[in-house]
Amino acid sequence: MEVILFLVPWVLIGVGVIYVSLSGGPGAARDRYLTGGNRAFRIAIPLVYIATGIAVPALVIANRGEAEGATEALAASEISSKDERGKQLFRDTCASCHNLDAVNARGVSGPDLDDIGEMTPARVLGAIKNGGTGQDLMPAALLDGENAKLVAEYVARVAGE
């Protein structure tokens, strides 16, 4: 479905380019469109482009879900309110740096939390408190108290799933 949604606008652009080229250039195509085509054609073409411009983004948004994650196991499981809060805190604070499939996070500077070994709440809490491994690659204490605990429990539960 996504492939079709991607291809439809490009096919329409291609049809427009072919129409312009077969009409003798942009000026001739405009004149032909405004004067040579019948009334139904002059109405149908803009409607097709407007409908495509609305339908394609609407279908993409409707089919993306809640970004529950890239793994089927996590998408099919229920999430507690504590995990939901930990997930949201991770998105807000950590997702710009770290990769974590469970939230579709594609960070650019931190490690991939799905691939760095066994994750325990204590390990994650230590990383939050110390700033990663303590080498000043991550700011220390980005989260504290209950918020840090919620993120640590969430990451420990979903990392590598």
Task: Every residue from the stretch 75-110 that is hydroxyl-bearing (Ser, Thr, Tyr) and assigned to a helix (DSSP H, G or I) - done: SER81, THR93
Task: The one condition in (1) more than 26 Å from the chain's Cα centre (by Cα); (2) surrounded by fewer than 16 Cβ atoms within 10 Å (Cβ to Cβ); (3) in a helix (DSSP H, G or I) that LYS149 fails to fulfil - done: (2)
Open item on the list: For the list (1) surrounded by 15 or more Cβ atoms within 10 Å (Cβ to Cβ); (2) modelled with pLDDT under 90; (3) touching a helix residue (DSSP H, G or I) at 6+ places or on another chain (Cβ under 8 Å), I need the number of the one condition that THR133 fails.
Closed with: (1)
Task: Extreme residue, farthest from SER96 (Cα to Cα), among residues of the stretch 120-130 that are surrounded by fewer than 19 Cβ atoms within 10 Å (Cβ to Cβ) and either in contact with a strand residue (DSSP E or B) (Cβ under 9 Å, 6 or more places away or on another chain) or small (Gly, Ala, Ser) (or both) - done: ALA122
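The values are calculated or read from the model by the stated rules, or taken from the named source; none is laboratory data. Computed from a predicted structure; not experimentally measured. All Cβ positions, even for glycine, are placed from backbone atoms using ideal geometry, and neighbour counts span all protein chains on display.
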